[in-house]
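S.K.: Here you go, one structure.
Every number here is computed from the coordinates shown, using simple stated rules; none is lab data. Predicted model only: the values in this text are computed from it and were never measured. Heads up, the Cβs are rebuilt from the backbone with ideal geometry, glycines too, and the neighbour counts pull from every protein chain shown.
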Amino acid sequence: MSKGEVNGSAPDPVEPIKFLSFVTHIPHREDVDDSIARALEWGVDYIVAQGTGSDWGAHWLGSGTFPATDIAGNCRPYLKAAVEHKIPFVFSVGIAGGSVHLDASLKLLGDLCAREGWNLRVGVLDTEVDREELAGLIEGGVEVVQANRTEDLPEKLSAADARELLRTVALAGPEPIMELLADEELDGVITGRALDIALFMAPAMARGIPRAAAAHLGKALECAGLALSPPDSAEPVWAAVDSEGVTVRSPNPKLAATVRSIASHGFYERSDPTKEDNPGGRLDLSDCVYEPQADGALRITGAQWIDAPYTLLIEGAKLAGYRSLVILGARDPLLLGQWETWVEAMRQSVRDAPRFAHLVEGTDYRIAVRPYGVPDEVDPARPPRMESAFILDVVADDQDLASEIAYFGFIRLFIGPYPGRKSTAGNAAIPLMPVVIPTGAVYVFGAYHLLPTEQPGALFHSRKIDLATAVPA
Amino acid sequence: MKLHELAAVVRSKNAGPFMVTIDVFFEDAESFERVRRAGVLDPAAVAAAYGVPESDVVGSFWEPRALGAKVTLRKRPSSNDMRCTDVFGAHQYLALAYADVD
C-alpha cells in the first residue's frame, strides 16, 4: 500500500491526500455509483468507512450479534471501486466490534468477494480485549478510571470487575492501523471496534500529515454525508487533507459541504461542539477558519491538537439478567386516576406471594411498570379516546423466573381489585398473545473506562487474510 | 414565546451512554442572539427546566458559525440503567423546546 510514494522517495507531506468516506452499516442511495464516479474524477487515494459504535448501549456487545444490516450490500459499490482502481481501504465493522462481530462481518464481505471474483489481501485488526489480560494490568497497578462521571459504574475498575465482563473491546487509535498500512502486501485494513477518526488519521499520518489535520479530516468525514447539507449519512463525502487543513466536497450534487453543515456536525452526539478528547490528546476546532471554494467545496483550516497522556476507551458488557414483558392498555377513568396504587398493589402481591418468598426484589428480580400516555387530567365523565399503555417489565436471574413473575404480575394487574372498580371481568385490554413476551438477555456496560497505555496496539491482535477464501473461525 | 418557535431544529441525543446533549439551531443570527441573550441555556435555567441539580449540567455552548447552541447534561437514569426510558436520548429535548424566551 505504497500509493503516492513515487520512486521510493518519502511523500511530500504538503501534497493533498484524497479520501472517500461512507458508513459500513448504512445502506447507500440508489445513485451511489454516480457519486463514486464523480469522486474518482477528483481522485481518491483511500476509501475509509466506519461501522462501529456504542450508541445502542451494551446490548450488541453482550449478545455477540448485530442489527440485521446488509453490510456486504452497503460496501459493494465502494469495494468495487477499490478493486477496479487499486485504492487501499480502511473499514471498521460489526457495530459493537468484538471478535465475533468482526468475524461475522468478514464472512459476509468474504462471500461478496468470492461471488464477485475479487482477490483482496486484507489486514485484520481484532480489538477485543482479553478480560484476564485487563485484570492482570489492573493487578499490576494500572489505574483504569471512568470515562464519564456516573454512579452506574465503579470509579476505578477492579480486577474483579474486569473478570465479570462477558465481552470487552477497546477503541483502536490510529497507531495499530498505521502498522498494518505499512505492509505493502495488503490491499486494505478491516478492524473491529475503533475510534472512527482513527480510521482516517492512520493513512493520513502514515503519509506525513500532522495529527491535528489528520484528526480534523476524521472529524469531518467520520459519519460520511451527515456533515453535508442536507445531512444524510447514507451519502458519501470526499475530502483532501494537507498539512494545513481539510477541503470537503460532496460527490452528490444534491448535497453540499457548507460552513454551517460542517460546523454543525461537531454537535452531533458530542458533549462539546468544538473540543473532543481522543487517545493521546484533544482535538480543538474552536479557532477554525471556513472558506467556501468556487467549485462548491469547503476549505477548513486551524484545527489544533493538544497532547495528553494516551488512553484507550474500554467498553465491556456484563449480563444483568433476562427480561419478560407484558403490554396492557387501559381507558377506564377510574383506573387511570389511581394507576400508581394499582401498580403498587401488584408489586406488593409479588412480594407477598409464597412462591416468591425466597426472592429479594431489587436483587433477584426487578419490576418496572412503564406508563405511556396517561393523561395529566383524567375526565371522570368520559373515557379518553385512546388507551394508555402500561408495560410490565420484569428482569430476573433467568428467563423462566422473569416470565413467571411477569405472568403473576399480569394476573394481579388484570383482575386485581382497586377502590370503586366495576370491571370485575378484567381491568385492561391485552393487545398481544402470548401475554408474556420473553425478550432474552439484558446486557449493561460493566466497563466504560479509560486505560492508560504507552503501547497503543499492545492489547490488539492483527492477522492477514485473503478475504474471499478465508473462513473466519 | 417558546424556544422552539424561534429555532429551526431542537433535538437531543446521547453523548455516550452517560450524557445527553440538546442541540438548537437557528435560521438567522437575530433569533440566535435573542435566545442567547434570554439566558435559557444558562446552567441554572437548564437545571430548572429539567428539574435536575445545576451540577448535572456538564456545559452549554454557542457556536455562531453553525448558528447553533448546545447544552449537555448528565443522563440519569443513564442508558446503562434498566429504568431508562430513552436509550438513544432522542426524546429529551422537550423541556428546552418549550422553555420561555423573553
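S.K.: Using the Karplus curve 6.51 cos²θ - 1.76 cosθ + 1.60 with θ = phi - 60°, work out ³J(HN,Hα) for each residue of the range B:92-97 in order, rounded to whole Hz, and write x for Gly and Pro.
M.R.: 10, 8, 5, 4, 7, 4
S.K.: Given the Cα-Cα distance of A:Trp42 and A:Arg385 and 0.36 nm per residue of separation, how much length would full extension add, in nm? List each step's numbers first, then the result.
M.R.: Details: separation 343, 0.36 × 343 = 123.48 nm, distance 5.85 nm.
Taking 0.36 nm per residue and subtracting the Cα distance, the gain is 117.6 nm.
S.K.: Then there is this: Note the full-extension length gain between A:Asp400 and A:Ala345 as 0.36 nm times their separation in residues minus their Cα-Cα distance, in nm to one decimal.
M.R.: On the way: separation 55, 0.36 × 55 = 19.80 nm, distance 2.29 nm.
Residue separation times 0.36 nm, minus the Cα-Cα distance, leaves 17.5 nm.
S.K.: May I pose another question? Could you work out how far helix A:99-116 tilts from the main Cα principal axis of chain A, as a 0 to 90 degree angle to the nearest 10?
M.R.: With both axes taken from Cα atoms, the answer is about 60 degrees.
S.K.: Just report the Cα centroid separation between the range B:25-102 and the range A:283-297, whole Å.
M.R.: After rounding, the separation between the Cα centres reads 27 Å.
S.K.: If you take each beta carbon of peptide A:210-218 and count the beta carbons of other chains within 10 angstrom, what is the mean?
M.R.: Mean partner-chain Cβ count within 10 Å for A:210-218: 0.
S.K.: How high is the relative contact order of the range A:273-396? Use alpha-carbon pairs under 8 Å, at least six apart in sequence, and give a whole percent.
M.R.: Details: 160 pairs, mean separation 31.7, N = 124.
Relative CO of the range A:273-396 lands at 26 percent.
S.K.: What does the charge count around B:Arg34 come to, taking other residues whose C-beta lies under 14 Å from its C-beta (Lys +1, Arg +1, Asp -1, Glu -1)?
M.R.: Charge balance in the 14 Å sphere: -4.
S.K.: Enumerate the amide H contacts of A:Leu171 below 5 Å, restricted to partners 5 or more residues apart or on another chain; note that Pro and chain-start residues carry no placed amide H.
M.R.: For A:Leu171, the qualifying residues are A:Leu313, A:Glu315.
S.K.: What percent antiparallel are the DSSP beta bridges of chain A, to the nearest 5?
M.R.: Numbers: 72 of 91 bridges.
Around 80 percent of the beta bridges assigned by DSSP in chain A are antiparallel ones.
S.K.: A further question follows. If you take the C-alpha gyration tensor of the range A:201-347, multiply each eigenvalue by 5 and take the square root, what semi-axes do you get, largest first, in whole Å?
M.R.: Values: eigenvalues 403, 100, 39 Å².
Equivalent ellipsoid of the range A:201-347: 45, 22, 14 Å, largest first.
S.K.: Can you grab the distance from the C-alpha centre of the range A:388-417 to the C-alpha centre of the range A:85-158, Å, no decimals?
M.R.: 37
S.K.: With a Förster radius of 41 Å, plug the Cβ-Cβ distance of B:Val52 and A:Arg115 into 1/(1 + (r/R0)^6) and report the FRET value to the nearest 0.05.
M.R.: Computed FRET efficiency for B:Val52 and A:Arg115: 0.15.
S.K.: Let me ask you something else. How high is the FRET efficiency between A:Ala234 and A:Asp295 when r is their beta carbon distance and R₀ equals 22 Å, given to the nearest 0.05? Show your work: numbers first, answer last.
M.R.: Values: r = 23 Å, r/R0 = 1.06.
With R0 = 22 Å, the Cβ-Cβ based efficiency is 0.40.
S.K.: For a quick protection proxy, order the peptides B:39-52, A:73-86, B:13-26, A:37-50 by their average other-Cβ count within 10 Å, most packed first.
M.R.: B:13-26, A:37-50, A:73-86, B:39-52
S.K.: Same structure, new question: Multiply the residue gap between A:Ala458 and A:Ala308 by 0.36 nm, knock off their C-alpha separation, and tell me the result in nm, one decimal place.
M.R.: 52.1 nm
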